[in-house]
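Enquirer: Here it is, the structure in full.
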Amino acid sequence: MVLAAGAGRRYGRPKALVERDGQLLVERASATARDGGCRPVVTVLGAAAPAVRARADLGAAIVIDNPGWATGMGSSLRAGLAALWATEAVAVIVLLVDMPGVTPEAVRRLTVLASPDALAMAGYGSHRGHPVLLGRAHWADVAALAVGDVGARPYLRDRAADLRVVPCGDIASGADLDTDQDKENGPGTDRASGHRGRHA
């Protein structure tokens, strides 16, 4: 699941439509999920959804609109999980659109752990971040706690004893694009460090 619904207020525009190396971030994230072994790929849009649909090549991804995107990331996570309930997926990998340093290799390190009870996230040195793996058995409780700009973070915190951290720092970056300067200089904020306290 790719969460790409935000307006990118700090950045100055929706990050889904930002280009990096000739590719829109929403295209890059969806391809990363696909190439990492995710089937199906659900991409959640919100702000500027018509423009994203018009410009982005998302391949075979299931593209859904979150009309409540302005309330925060939690609503997008709930929308994505609702779409996946209709599939046979036993687990979901969650990616954020503004983390171009996440690689298919990092996604694969988590997808091999997929099971209904799985609960895992990537580790970057002493920090934790995306991708996040949520087994189907956790979806209902995750959705219940996903409110405002909070996604799975409260649930992951409450289930810390069951959470597996998979080292990915050798093959990926957990940094996000937070400002236009980050676009020019490369990702700057390591969201996993808790700078803004956001986890999908």
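The values are calculated or read from the model by the stated rules, or taken from the named source; none is laboratory data. Owing to the predicted nature of the structure, the values given are computational and were not obtained by experimental measurement. Methodologically, a virtual Cβ is constructed for each residue, glycine included, from the backbone with ideal geometry; neighbour enumeration extends over all protein chains shown.
Enquirer: Identify all residues within region 142-171 that are assigned to a helix (DSSP H, G or I), touching a residue at least 40 places away in the same chain (Cβ under 8 Å) and under 26 Å from Thr103 (Cβ atoms); write none if there are none.
Expert: Val142, Arg153, Leu156, Asp162
Enquirer: If Glu184 meets every condition in (1) more than 14 Å from the chain's Cα centre (by Cα); (2) modelled with pLDDT under 95; (3) crowded, with 21+ Cβ neighbours inside 10 Å apart from one, which number is that one?
Expert: Status for Glu184: all satisfied but (3).
Enquirer: While we're here: I'd like to check something: does region 84-95 contain any residue that is under 22 Å from Ala140 (Cα atoms) and acidic (Asp, Glu)?
Expert: Looking only at region 84-95, we keep the residues that are under 22 Å from Ala140 (Cα atoms), and these are 84-95.
Filter once more, so that each one left must be acidic (Asp, Glu): 88.
There is at least one residue in region 84-95 that is under 22 Å from Ala140 (Cα atoms) and acidic (Asp, Glu).
Enquirer: Here's a follow-up. Any residue at all in region 140-156 that's closer than 15 Å to Arg39 by Cα, touching a Leu at 6+ places or on another chain (Cβ under 8 Å) and not acidic (Asp, Glu)?
Expert: Checking region 140-156: not a single residue is closer than 15 Å to Arg39 by Cα, touching a Leu at 6+ places or on another chain (Cβ under 8 Å) and not acidic (Asp, Glu).
Enquirer: For region 104-120, does any single residue satisfy the condition of being surrounded by 18 or more Cβ atoms within 10 Å (Cβ to Cβ), charged (D, E, K, R) and within 22 Å of Tyr155 (Cβ to Cβ)?
Expert: Yes: one or more hits.
Enquirer: Can you find, within region 125-138, the residue that is farthest from Thr103 (Cα to Cα) among those that are surrounded by fewer than 24 Cβ atoms within 10 Å (Cβ to Cβ) and under 16 Å from the mean Cα position of the chain (by Cα)?
Expert: Step one: list which residues in region 125-138 are surrounded by fewer than 24 Cβ atoms within 10 Å (Cβ to Cβ), which gives 125-128, 135-138.
Filter again for under 16 Å from the mean Cα position of the chain (by Cα), leaving 128, 135.
Details: Arg128: 15, Gly135: 21 Å.
That would be Gly135.
Enquirer: A further question follows. Out of all the residues in region 33-73, which are β-branched (Val, Ile, Thr), within 21 Å of Ala152 (Cα to Cα) and either at pLDDT below 95 or not in a strand (DSSP E or B) (or both)?
Expert: Matches in region 33-73: Val41, Thr71.
Enquirer: Can you name the number of the only condition in (1) modelled with pLDDT of 95 or more; (2) surrounded by fewer than 17 Cβ atoms within 10 Å (Cβ to Cβ); (3) not in a helix (DSSP H, G or I) that Leu95 fails?
Expert: Unmet for Leu95, out of (1) modelled with pLDDT of 95 or more; (2) surrounded by fewer than 17 Cβ atoms within 10 Å (Cβ to Cβ); (3) not in a helix (DSSP H, G or I): (2).
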